[in-house]
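For reference, the structure discussed in these notes is given below.
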Amino acid sequence: MKPLVAIVGRPNVGKSTFFNRMIGERVAIVEDMPGTTRDRLYGDADWNGREFTLIDTGGLELGTGIPVGQVGLTGQSGDIMDHVMSQAQLAIEEADVIVFMVDARSGITAADDEVADLLRRRATKPVILAANKADNAERRLDVVEFYSLGLGEPTDISSIQGTGTGDLLDRIVEALPPFSEEDEAEDDQTPRIAIVGRPNVGKSSLLNAILGVNRSIVSDIPGTTRDAIDTELEFGDQKIKLVDTAGIRRRGRVGVGVEKYSVLRSTRAIERCDVALMLIDASEGLTAQDTHIAGTIHEMGKGVIVVVNKWDLAQEQHKAEREGEFPKPDEEIDDAERYRKMLIRELKFIPYAPIIFASAKTGYHVKSILETALKISDMRYLRVPTARLNEVVQEAKRRQTPAYVTGMKPLRVYYATQIRVNPPTFVFFVNDPRSVHFSYERFMENRLREAFSFKGTGIRIYFRARS
Ligand code: GDP
Ligand code: GDP
């Protein structure tokens, strides 16, 4: 999990110019997923080997959908100031380091004062003052003026020329939370489960339901960096670690940008987990953002359960719609089947994911969610004996001649071996990897899933030329 660095400041000071310079061509993984807007909002950066995620809060949209950065200097109306202030507020809550950017050309404005005031009073994380557009020696001298904002020494930079940005990055990296031992030592085999999903799907309710049925909470585990508090609990005789429960518990925040941060938070939780409980709201159906989250889980090769939450509510809705109709005894089953079919169609890139209809409110199926998650986690550590694996490969070969890419050499598959667990990862040695047709890859994946019952988890297959 990378620390989060947010750039705040009023419009036009150069936040996105700086951001783009730092991120370069490397767009954050989240933005390559289907179903997301393509504004370049956050991206990964590293400096001297230290990696972090940079957020350009200026790119966050107003409720109206107008990108704030495009409003211009005159645009310091109430709306825009509200926006800037709420972005600063969000950054205070979510970021590990805040870069407050001001404009060395214009000097201190009333808006700068206001943001500075908020940061001084509220920020508990380091704030670094960056005076941008210090394009020449004279401006660099003028920058001392910004001391009066009460946020310490201003670092002068020119995002356009690239001067001073190294110094700024030094300061950012210095201010980052230290690497935590725990982050490094996360190779213990306690299954790590993340509860992810859009705002309002019921994550914190599910968390409470899980904690409710498990009185024996072992501990909250602080000391992880970046206030990602995990909760460890015992379920039966199994230990489970629920990832980033602090992020889930932090309730009741609505407004500009919250959704974006929540996507980012989900991504980071997914990164750290073995199995993701992907919540969707049964009363609402599937949204593009749900699909996006599912895509992230799949890309990262994690275990996944699709939890159709608020099933109680969906049932009530259906009942209300059918008011007056002649009731059938198996209506719930019908509804569930219809919903399941829709999910299989819409989430066809994760056909291996179990779907569980549940209610965090009534507790319906909460236990089986955990049971299933544990099974999936076990599955991810399965080691297939090489001999057994190759029986399956040979059997598959007899069943179907490997499809290969037109114009390439016919594909010959020699043998396979499992090189890793969590997720299960296989290497197939072939005559020429370029010949491998995606349909063969899919065919083999399905064969492996059948033979070794890999359910609920991504598996990875690589093809290599036999040397
Ligand atoms: P944002 O609204 O804070 O994201 O600001 P932008 O990054 O959109 O920049 C606003 C304007 O300032 C643009 O016209 C940029 O080209 C310009 N700008 C950004 N950085 C610098 C700089 O270092 N020097 C100068 N002279 N102009 C800059
Ligand atoms: P989060 O933003 O994903 O953490 O969602 P919350 O747990 O805060 O839930 C959002 C709203 O949905 C709250 O009003 C919950 O009471 C409600 N809710 C959550 N789970 C269920 C459920 O299973 N059934 C019903 N009827 N409501 C639920």
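The values are calculated or read from the model by the stated rules, or taken from the named source; none is laboratory data. These numbers come from a predicted model, not from an experiment. Because the Cβ atoms are built from the backbone with ideal geometry, glycine has one as well, and the counts that use them run over all protein chains shown.
What pairs can you find where one residue is in the stretch 335-347 and free of Cβ contacts under 8 Å to residues at least 40 places away in the same chain, the other is assigned to a helix (DSSP H, G or I) and surrounded by fewer than 18 Cβ atoms within 10 Å (Cβ to Cβ), and their Cβ atoms are less than 6 Å apart, with a gap of 6+ or different chains?
Qualifying pairs under 6 Å: 335/318.
Looking only at the stretch 99-126, how many residues end up being within 12 Å of residue 155 (Cβ to Cβ) and free of Cβ contacts under 8 Å to residues at least 60 places away in the same chain?
1
Looking only at residues in the stretch 411-467 that are of a type in the set (Gly, Ala, Ser) and surrounded by fewer than 20 Cβ atoms within 10 Å (Cβ to Cβ), which one is farthest from the chain's Cα centre (by Cα)?
Taking the candidates together, the pick is 467.
Looking only at helices (runs of 4 or more DSSP H) that fall completely inside the stretch 234-309, which ones have 3 or more residues that are at pLDDT 90 or above, assigned by the TED database to the domain that holds residue 207 and more than 15 Å from ligand 2 (Cβ to nearest atom)?
288-299
Scan the stretch 176-192 and tell me whether some residue there is under 22 Å from residue 306 (Cβ atoms) and modelled with pLDDT of 90 or more.
Yes, that holds for at least one residue.
Among the listed residues 73, 60, identify the single one that is modelled with pLDDT under 80, in the same structural domain as residue 16 (by the TED database) and buried (at least 18 other Cβ atoms within 10 Å of the Cβ).
Step by step, each of 73, 60 is checked, and only 60 is modelled with pLDDT under 80, in the same structural domain as residue 16 (by the TED database) and buried (at least 18 other Cβ atoms within 10 Å of the Cβ).
Matching residues to (1) within 16 Å of ligand 2 (Cβ to nearest atom); (2) surrounded by 15 or more Cβ atoms within 10 Å (Cβ to Cβ); (3) modelled with pLDDT under 95:
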| site | (1), (2), (3) |
| --- | --- |
| 90 | yes, yes, yes |
| 106 | no, no, yes |
| 110 | no, no, yes |
| 115 | no, yes, yes |
| 123 | no, yes, yes |
| 130 | no, yes, no |
| 159 | no, yes, yes |
| 174 | no, no, yes |
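Test of understanding: among 40, 10, which residue is assigned to a loop (DSSP other than H, G, I, E, B), at pLDDT 85 or above and either more than 16 Å from ligand 2 (Cβ to nearest atom) or crowded, with 16+ Cβ neighbours inside 10 Å (or both)?
After ruling out the rest, the residue left standing is 10.
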